Ligand SMILES: Cc1cc2nc3c(=O)[nH]c(=O)nc-3n(C[C@H](O)[C@H](O)[C@H](O)COP(=O)(O)OP(=O)(O)OC[C@H]3O[C@@H](n4cnc5c(N)ncnc54)[C@H](O)[C@@H]3O)c2cc1C
């Protein structure tokens, strides 16, 4: 039984074969409310076989420093795609159903009881409580993960709060995403302007200690000259950062945002969640074949996702630590040091799913960057 009909839950259900799986989703349908910018590497659209969701192709970015300097990076390759996230979730859900999974909407996971070697799961709906038995309970239920909480699996290390509005305007420049950093703009994270053809997504996240992101969005829209544009959508969400120590226990495993499988620097979670969901599906099929749902058996999943993705996440946490420790003055100084053609060439080779691969070549080209945080950067280079 998979709790959560988001991308991680649907991807897992698509990759378990010849198994009776059920996806439990608390909303009346999958795909809403949207809590995402929908910016992904093209590989994510391939993984989902969802090319019809593509709204725009991004080949570069403009990084705005607090003092006004702009670092513009261009590439000839598609670096990212802006997608229709609602349609993306619906397509993934359709794949899961085509693979034989049942989708139970308007049902909310409330908790479970252990009964022998299985679990009795308590769901609620407008018709009242409902109980179902399962040997394997998958928490694909997002950053709040009630499954994780009720299983005693620790929460993520940190959360940031985000807000985004979709504007009914078409930007002239369509091939670059704008990224704005600065402690008055989006403290602890960044703001973005993403051209999506006829519409434009503008949003930002802030570290929890800086309050709600709404006030920052109002100021940012004004600053960017977009405050008069018609807002067609507004959505808010939370990004979990730093996976818990354990993502499995007897009969239970966590995937996606529930396991904080999210890139700490950018907050992107679709790639990591879907990759991990595929690994979880493989381990689940083995456990079912061997009728072994013990933590020992399910820890093959823990090992598999951490060995592929854990290092990138840990390096992302260190990069985030350096980033969040910077004053605006230091950020501007970094902007000044990096405003060079050779640096931009390195940045143009970047992959949004593996940002830490840029750390070594950047530090080799601009060794003076190390002085901004020698201890943490040293740790980063050792990993
Ligand atoms: C502002 C913002 C912008 C983002 N932009 C990007 C981006 O550009 N690119 C990117 O890759 N990622 C982005 N992300 C992150 C991305 O949205 C998540 O990583 C992704 O949605 C995780 O998928 P998931 O399936 O693990 O969880 P979710 O998409 O959160 O799905 C969880 C599902 O579980 C259901 N659920 C929760 N609790 C229960 C319960 N008790 N019972 C039943 N159902 C339940 C929910 O209704 C939901 O459908 C962004 C996030 C935010 C907040």
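The values are calculated or read from the model by the stated rules, or taken from the named source; none is laboratory data. Note that the coordinates shown come from a computational prediction; the quantities given were computed from them, not determined experimentally. Don't worry about glycine lacking a Cβ; one is built from the backbone with ideal geometry, like all the others, and counts go over all protein chains shown.
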field: Candidate set from the range 45-59 (those that are more than 29 Å from residue 213 (Cα to Cα) and assigned to a loop (DSSP other than H, G, I, E, B)); member that is nearest to the ligand (Cβ to nearest atom)
entry: 50
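Considering only the range 214-227, I want to know if a residue exists there that is within 12 Å of the ligand (Cβ to nearest atom) and in the same structural domain as residue 55 (by TED's automatic domain parsing).
We begin by selecting, within the range 214-227, every residue within 12 Å of the ligand (Cβ to nearest atom); these are 217.
Adding the requirement that they be in the same structural domain as residue 55 (by TED's automatic domain parsing) leaves 217.
Yes.
Residues 40, 22: which one is over 17 Å from residue 274 (Cα atoms) and touching a strand residue (DSSP E or B) at 6+ places or on another chain (Cβ under 8 Å)?
On the way: 40 fails: over 17 Å from residue 274 (Cα atoms).
Testing whether each residue is over 17 Å from residue 274 (Cα atoms) and touching a strand residue (DSSP E or B) at 6+ places or on another chain (Cβ under 8 Å) leaves just 22.
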message: For residue 304, only one of the following conditions fails: (1) surrounded by fewer than 24 Cβ atoms within 10 Å (Cβ to Cβ); (2) touching a residue at least 12 places away in the same chain (Cβ under 8 Å); (3) assigned to a loop (DSSP other than H, G, I, E, B). What is its number?
response: (3)
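Would you point out the residue of the range 1-11, among those that are more than 16 Å from the chain's Cα centre (by Cα) and closer than 22 Å to residue 239 by Cα, that is farthest from the ligand (Cβ to nearest atom)? Spell out the reasoning first.
Kept after step one, since they are more than 16 Å from the chain's Cα centre (by Cα), are these residues of the range 1-11: 1-3.
Still in the list and also closer than 22 Å to residue 239 by Cα: 2-3.
Values: 2: 9, 3: 5 Å.
Going through the qualifying residues, I end up with 2.
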- line: Condition set touching a helix residue (DSSP H, G or I) at 6+ places or on another chain (Cβ under 8 Å) and within 12 Å of residue 334 (Cα to Cα), scope the range 364-383, selection surrounded by the fewest Cβ atoms within 10 Å (Cβ to Cβ): answer is 368
query: Are any of the residues in the range 21-29 in a loop (DSSP other than H, G, I, E, B) and either more than 12 Å from the ligand (Cβ to nearest atom) or within 15 Å of the chain's Cα centre (by Cα) (or both)?
result: yes
task: With respect to residue 248, determine if the residue is in contact with a helix residue (DSSP H, G or I) (Cβ under 9 Å, 6 or more places away or on another chain) and within 15 Å of the ligand (Cβ to nearest atom).
output: no
- line: Within the range 144-159, of all residues that are within 20 Å of residue 12 (Cβ to Cβ) and surrounded by fewer than 21 Cβ atoms within 10 Å (Cβ to Cβ), the one nearest to the ligand (Cβ to nearest atom) is 146
query: If we scan the range 34-44, do we find a residue that is under 20 Å from the mean Cα position of the chain (by Cα), near the ligand (Cβ under 8 Å from one of its atoms), at pLDDT 95 or above and assigned to a helix (DSSP H, G or I)?
result: yes
field: Hits in the range 350-369 (condition: touching a residue at least 40 places away in the same chain (Cβ under 8 Å) and within 20 Å of the chain's Cα centre (by Cα))
entry: 350, 351, 352, 353, 354, 355, 356
- prompt: Which one of these does residue 187 not meet: (1) within 21 Å of residue 157 (Cβ to Cβ); (2) buried (at least 17 other Cβ atoms within 10 Å of the Cβ); (3) within 14 Å of the ligand (Cβ to nearest atom)?
  reply: (3)
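Name the one entry in 134, 159, 165 that is more than 26 Å from the chain's Cα centre (by Cα) and in the same structural domain as residue 290 (by TED's automatic domain parsing). Reasoning before the result, please.
On the way: 159 fails: more than 26 Å from the chain's Cα centre (by Cα); 165 fails: more than 26 Å from the chain's Cα centre (by Cα).
Every option except 134 fails the conditions.
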message: Being in contact (Cβ under 8 Å) with a residue 12 or more places away in the chain and within 24 Å of the chain's Cα centre (by Cα) is the requirement here; does residue 82 meet it?
response: yes
field: Every residue from the range 256-281 that is closer than 12 Å to residue 40 by Cβ, crowded, with 24+ Cβ neighbours inside 10 Å and more than 6 Å from the ligand (Cβ to nearest atom)
entry: 263, 272, 274
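For the range 61-104, which fully contained strands (runs of 3 or more DSSP E) count at least 1 residues that are within 16 Å of the ligand (Cβ to nearest atom)?
Values: elements: 70-74, 80-83, 102-104.
Result: 80-83, 102-104.
Which of the following residues is outside any loop (DSSP other than H, G, I, E, B) and surrounded by fewer than 18 Cβ atoms within 10 Å (Cβ to Cβ): 239, 313, 337? Walk me through how you get there before you give the answer.
On the way: 239 fails: surrounded by fewer than 18 Cβ atoms within 10 Å (Cβ to Cβ); 313 fails: surrounded by fewer than 18 Cβ atoms within 10 Å (Cβ to Cβ).
Going through 239, 313, 337 in turn, just one is outside any loop (DSSP other than H, G, I, E, B) and surrounded by fewer than 18 Cβ atoms within 10 Å (Cβ to Cβ): 337.
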query: In the list 265, 272, 331, which residue meets the criterion of being at pLDDT 95 or above, part of a helix (DSSP H, G or I) and outside the structural domain of residue 368 (by TED's automatic domain parsing)?
result: 272
